[in-house]
Amino acid sequence: MTRETESRRGKPDPAITTALNNWKTHSGFWLKAAVAIGMSAGLLLIAQAWLLATTINAVVFSKAALADVMPWLWGMLAIFLLRAGLAWASEQAAFHAAIQVKLAIRTQLYGHVQKLGPAWLSNERSGDIINTLSDGVEALEAYYARYIPAMSLIVLVPLAILVFVFGSDWISALIMLVTAPLIPLFMILIGKGTEKRNQQQWKSLARMSAHFLDVIQGLTTLKLFNASRREAQVVAQISDEYRKGTMSVLRIAFLSSFALEFLATVSIALVAVLIGFRLFWGEMDFFYGLFVLLLVPEFYLPLRNMGTQYHARMEAIGAAERMVEILGEEASSLPAPLAGEGLGMGGKEAASLPIRLQNIDFTYPDGRQALKDLSLEIRPNETLAIVGPSGSGKTTLINLLMGFLQPQSGQILIGDSPLPAIEPEAWRAQFAWLPQKPQLFPGTVADNIRLGNPQASLEAVQAAAEQAQAHAFIAALPQGYETIVGEAGQGLSGGQIQRIALARAFLKDAPLVILDEATANLDMESETLVQAAVQKLAQGRTLIMIAHRLRTVRSASRIAVIDHGQVAQVGTHAELLETSPVYRQMVQAYGGEA
Amino acid sequence: MNDLLRLLRMFKPYWGWTVLGIFLSFITLLANVGLMAVSGWFISAMAMAGAAGVTMNYFTPSALIRLAAIVRTAGRYGERLVTHEATFRLLAELRVWFYQQLEPLAPARLEAYRSGDLLSRIRADIDKLDTVYLRLLVPLVVAMLATLVFVVVLLFYHPLLALVEGTLLLVAGVFIPWLMNRLGHTTGQQIVATKAQMRAALVNDLQGMGELLVYGAAASHASEINRLSHELARQQQAMSGLQGVAQGALGLCANLAMWGMLLVAIPLVSDGRLAPPELAMLALFALASFEAVMPLPLAFQTLGETLAALRRIFELTDMQPAVLEPQQPLPMPHTFHFAFKDVVFRYGENADTLHNITLDFSPASKLAVVGATGSGKSTLASLLLRFRESASGEILLAGQPIQHYSGEALRQHIAVVPQQTHLFNATIRDNLLLAKPDADQAAIEAACRLALIHDFISSQPQGYDTWVGETGVRLSGGQAKRVAIARALLKNVPVLILDEPTEGLDPETARQVMHNIVGHVQINQQSLLLITHRLQGLEQMDNIHVMDAGHIIESGTHAGLLAAQGHYHYLTSINKLLVEQTKS
């Protein structure tokens, strides 16, 4: 909230500028090196002007011949070469500094997003996050590579020039001294208004990006509803709004640089005219006049370029806003326990410990209450089925159990240790998970099965695939286990993706297994076979499964019926038939399935 | 280079903007060079006049200085406005054009691409094209014009001066950029490719974050992103090295030109062949004139990136759609009678997915296609929807080959619940209105009641205005499915295709939803094609085809197929067995 009110006043959130400033430390000494090199180049420039003025003065007023001025010309040549070298070096140093920052920030952001976890991500547009992690980080480059070094040089180089001009002609120096501060003053006045617009612009770019991802992923759906033409208009409209927005920002930026250039040009002209007349009246030596005239444009140059540099800063602020927001996001998934205090988990410990959920309340940030006062015990080595109508809170329960969400009240105990006290990685090593919509990663089928276990042999991969009833279709693929699969497993059916994900779970061989509607999308024959495999997997392990189909539930040692965010009943199949009306209703419906 | 010409041809509608931008840029440059040269001449001449004690006309040069100063400042402002406006107009148009090219390719041709990759094409690659006009076309034309003018002006003073200036401008404007282009070409392409790779990896990682964490692959995927990030940094550092060299070399050229002017002009002044004030003028002129070629190395260097981006865009848009639309489509028939005759289908060069499929799908009939996953059921639907073309055999609609109808017009009459439903990141209402933008609240609610999702939606704090998360993740699978069913029912067209409609629903809901759909279809005289591997509610179907490995192995009604004691009977009996085990 404070962020919004502040940007309405047209001032960037101090948190953002502070963050940008803090991130500078990632660049090490490279920024200082870039400034030092730039400063040396500035001093050489003054020397060059001195040599040039000396040469022309000698030729025009002392009637010197070429041979007389040759030593100065050689000196100039040496300065040229040095300046070229320094230009290269300062560019390299500044860029290197920016790269260090970009690398550090991208790693930090990605790590934080991982920490925030999948439950947080499901409420965000991934297109937007991706944009921040890729283009957003890139937008920091100009800030560190150009803006920061330029901001130091903007003071140092003109100051050095001013010293020399003072030594040559104090009137010109006075004009420069008076007009120079007007430029940044002017710019700050104009720049204030554009900063907010620029931040909005960055947001609209992120929005455009997220919208395109959504549209492209849903292109087939759009075609099915003949809405793809309509969507073309929306794309046109969004692009056009983006153009208008960008132009409105740029127009102000151009106007501000117009004002700067105008001020600088007028000042140069004033200095030139005054020098001209004093030369005409014989009040000034030509050498000093020319020397000053050569230096004046160089004095204003960095100030004039400030417009472009300022743009880099605004762009960085726009990009950094989302980064600061993401980094400031509290992980609602398990925070890592304090160093050294985290409990490790060895062997098959989790399978031998009861898991107790005590009085769990969970409400999503948007106000949906998913679980209220839920209590449930999961016994070691049992197969627990969780059933209940759609939206009753089964998935939320699983997310809490996996540590992707944290309850607002109540606690989860593994044996006697509360879940937050256990190292998240140690806890996650304890279970395998098959989600509702498994994700395939680019790579081979074998790589996908090996996800949690990259060293697994091909034999082990095949064995896991066989247990998941996936071996037959994988073997029939053009390159078998080496077939490359793409995003969302295009080229594979939903059932096939599910079975590859199931093979992953088999390969992980964890003491605790969580199946989220594991047999959805499988045809009946495969389902029957997978069901047998799941039973085998259950031996010596704790198995928790969400299920809609009662035949999957049949093998469970106990069944928990979840209704409206609470555990309605727990019991065996037979017990529940007696005691639970919800369960009875489900079984009856199931009977109608055949 | 051909790609570049193709792009330039797309500039045509913006011809006026383009020329105006170049003109403004050119006069700005001339004003700047003029300002410097006249100033140099002015103070030398004033000093000489002062020293000699003669009078001089200082009104003309000082007026010239004022004019040049005004033209320079105003010209730069106008030039920036015009060139940027032109660029963004073009980019907006290009993006729509790209989307329109992409649309006919979906879904058959786009399956091979990752959506993150497509995203990077539609947005980042197209943005990259702003360099073509802004940083390539305008600077190049201006540099050529300016070089010509500068050399001609110097010829009036001395041919040798023109030679020095011309040679160094060529080195700075042509040789250095050419060299940079050669050296930066590969790196430029690598940068584009690495960025796209990183973006695609991020898409996958974020969408599959849960699995990565649970399977302990999060660290390795993070290090992969880190590797790509370092790779990109290395490439960018190499590119920046080139940039530094180019900048240094360019400054050197400008200084050398000034130096050359002095070397040639000093003897001329000594000889009295040049007026002394012209020495300062020439030196300052030479320095300022290199502004004309300053932007060129950067332009040519980014050309590598631009061309790579352009290639990726054209590569995609040049693909042939899987299905060609007829030149003169037949008008849509009044009744929708589909007939498959010996239809064969295969994906690319692979083995046949469908073998000699013959079936009849008549108006207001209820047809079911059952069979195991991968038996080719869904392919039937995509042929019917004109998303794919059969390899042989024919599909007739109202007695005419289906190829003679426009796919878009055909799809207007078919509502589909696809196996993988996509809900857009918008409100539930917006997602429903996709089917029928003018539907009123009553119609929306009626459809949602049939799909048994109305109660859930109304229980949400925002009701029908509840926001659906990206790809519908904030709804459970079953809820999303039911929204998709409601969407299809809302469309209210003669043909309804359901591909595994009850997947993800609990049995009670599944049974009721199917019951409602069948009732709805009967009342509205719609034809229904049900594709499923679940043998539930099939008694109500008029005809059932059992598919296995691309063949129809059995056909008939539920009762008929049971009586035949074939595969259908076998599947049903396994199912029964399981149910009985469950109930006992």
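The values are calculated or read from the model by the stated rules, or taken from the named source; none is laboratory data. Not measured: the values here are computed from a predicted model. Here Cβ is always computed from backbone atoms with ideal geometry, including for glycine, and neighbour counts include all displayed protein chains.
Worth pointing out:
- Taking region A:206-230 as the range and being within 7 Å of chain B (Cβ to nearest Cβ), of a type in the set (A, V, I, L, M) and farther than 19 Å from B:Val203 by Cα as the test, the residues that pass are A:Leu224, A:Ala227.
- From the list B:Ala391, B:Ala409, the one residue that fits, being of a type in the set (Gly, Ala, Ser), facing chain A (nearest Cβ under 10 Å) and surrounded by fewer than 19 Cβ atoms within 10 Å (Cβ to Cβ), is B:Ala409.
- Candidate set: region A:357-366, residues that are closer than 26 Å to A:Gln430 by Cα and either at the interface with another protein chain (Cβ under 10 Å from one of its Cβ atoms) or more than 32 Å from the chain's Cα centre (by Cα) (or both); chosen: the one surrounded by the most Cβ atoms within 10 Å (Cβ to Cβ): A:Ile360
- Of residues in region B:262-300 being among the small types (Gly, Ala, Ser) and within 8 Å of another protein chain (Cβ to nearest Cβ), the one surrounded by the most Cβ atoms within 10 Å (Cβ to Cβ): B:Ala280
- Residue within region A:169-184 that is within 14 Å of chain B (Cβ to nearest Cβ), more than 14 Å from A:Gln309 (Cβ to Cβ) and at pLDDT 90 or above present: yes
- Long-range neighbours under 6 Å by Cβ, at least six apart or interchain, first residue more than 7 Å from every other protein chain (Cβ to nearest Cβ) within region A:48-74, second not in a helix (DSSP H, G or I): A:Ala58/A:Ala64
- Selection over region A:316-325 of residues that are buried (at least 20 other Cβ atoms within 10 Å of the Cβ) and either under 30 Å from A:Pro420 (Cβ atoms) or of a type in the set (Phe, Trp, Tyr) (or both) gives a count of 2.
- Checked against the criterion of being of a type in the set (Gly, Ala, Ser) and modelled with pLDDT of 90 or more, region B:537-546 contains not a single residue that satisfies it.
- Considered as a group, the residues in region B:211-224 that are surrounded by fewer than 23 Cβ atoms within 10 Å (Cβ to Cβ) and either more than 9 Å from chain A (Cβ to nearest Cβ) or in contact with a Phe, Trp or Tyr (Cβ under 7 Å, 6 or more places away or on another chain) (or both) include one that is farthest from A:Pro424 (Cα to Cα), and that residue is B:Glu224.
- Long-range neighbours under 7 Å by Cβ, at least six apart or interchain, first residue within 10 Å of A:Arg499 (Cβ to Cβ) within region A:459-481, second part of a loop (DSSP other than H, G, I, E, B): A:Phe473/B:Gly374
- The residues of region A:403-432 that are touching a residue at least 24 places away in the same chain (Cβ under 8 Å) and under 26 Å from the mean Cα position of the chain (by Cα), listed by number, are A:Gly403, A:Phe404, A:Leu405, A:Gln406, A:Glu423, A:Pro424, A:Arg428.
- Check on B:Gly210, touching a Gly at 6+ places or on another chain (Cβ under 8 Å) and part of a helix (DSSP H, G or I): yes
- Sole residue being under 30 Å from A:Ala264 (Cβ atoms), without any contact (Cβ under 8 Å) to a residue 12 or more places away in the chain and not acidic (Asp, Glu), chosen from A:Val157, A:Val163: A:Val163
- Restricting region B:326-364 to residues that are of a type in the set (Gly, Ala, Ser) and more than 15 Å from B:Ala398 (Cα to Cα) leaves a set whose member that is surrounded by the most Cβ atoms within 10 Å (Cβ to Cβ) is B:Ala351.
- Scanning region A:431-451 for residues that are surrounded by 21 or more Cβ atoms within 10 Å (Cβ to Cβ) and over 16 Å from A:Gln498 (Cα atoms) turns up just one, A:Phe431.
- The single condition among (1) more than 7 Å from chain A (Cβ to nearest Cβ); (2) among the small types (Gly, Ala, Ser); (3) crowded, with 19+ Cβ neighbours inside 10 Å that B:Ala69 does not satisfy is (1).
- Within region B:229-239, the set of residues being surrounded by fewer than 19 Cβ atoms within 10 Å (Cβ to Cβ) and in contact with a helix residue (DSSP H, G or I) (Cβ under 8 Å, 6 or more places away or on another chain) comprises B:His230, B:Glu231, B:Gln237, B:Ala238.
- Boolean, A:Gln455 is over 26 Å from A:Gln114 (Cβ atoms) and either away from chain B (no Cβ under 14 Å) or surrounded by fewer than 21 Cβ atoms within 10 Å (Cβ to Cβ) (or both): no
- Region A:544-574, subset modelled with pLDDT under 85 and polar (S, T, N, Q), residue nearest to A:Arg368 (Cα to Cα): A:Thr552
- The residues listed here are A:Ser27, A:Ser126, A:Ser40, A:Ser90; of these, the one that is touching a residue at least 40 places away in the same chain (Cβ under 8 Å) and within 30 Å of B:Val468 (Cα to Cα) is A:Ser126.
- Residue selected from region B:3-28 under the condition within 14 Å of chain A (Cβ to nearest Cβ) and modelled with pLDDT of 90 or more, by the criterion surrounded by the most Cβ atoms within 10 Å (Cβ to Cβ): B:Gly21
- Filter result for the condition that a residue is modelled with pLDDT under 85, in contact with an Asp or Glu (Cβ under 8 Å, 6 or more places away or on another chain) and of a type in the set (Gly, Ala, Ser), over A:Gly347, A:Gly367, A:Gly388: A:Gly388
- Cβ pairs under 7 Å, 6+ apart, first in region A:186-209 and more than 20 Å from A:Gln237 (Cβ to Cβ), second at pLDDT below 70 and assigned to a helix (DSSP H, G or I): A:Met187/A:Gly307; A:Lys196/A:Ser7; A:Gln199/A:Ser7
- For region A:367-394, a tally of residues being more than 22 Å from A:Pro581 (Cα to Cα), within 14 Å of chain B (Cβ to nearest Cβ) and in contact (Cβ under 8 Å) with a residue 24 or more places away in the chain returns 1.
- Residues being surrounded by fewer than 19 Cβ atoms within 10 Å (Cβ to Cβ) and touching a residue at least 60 places away in the same chain (Cβ under 8 Å) - total across region A:218-258: 2
- So B:Val164, is it surrounded by fewer than 20 Cβ atoms within 10 Å (Cβ to Cβ), away from every other protein chain (no Cβ under 13 Å) and in a helix (DSSP H, G or I): no
- Residue check, B:Ala275 among the small types (Gly, Ala, Ser), over 20 Å from B:Leu169 (Cα atoms) and touching a Lys or Arg at 6+ places or on another chain (Cβ under 7 Å): no
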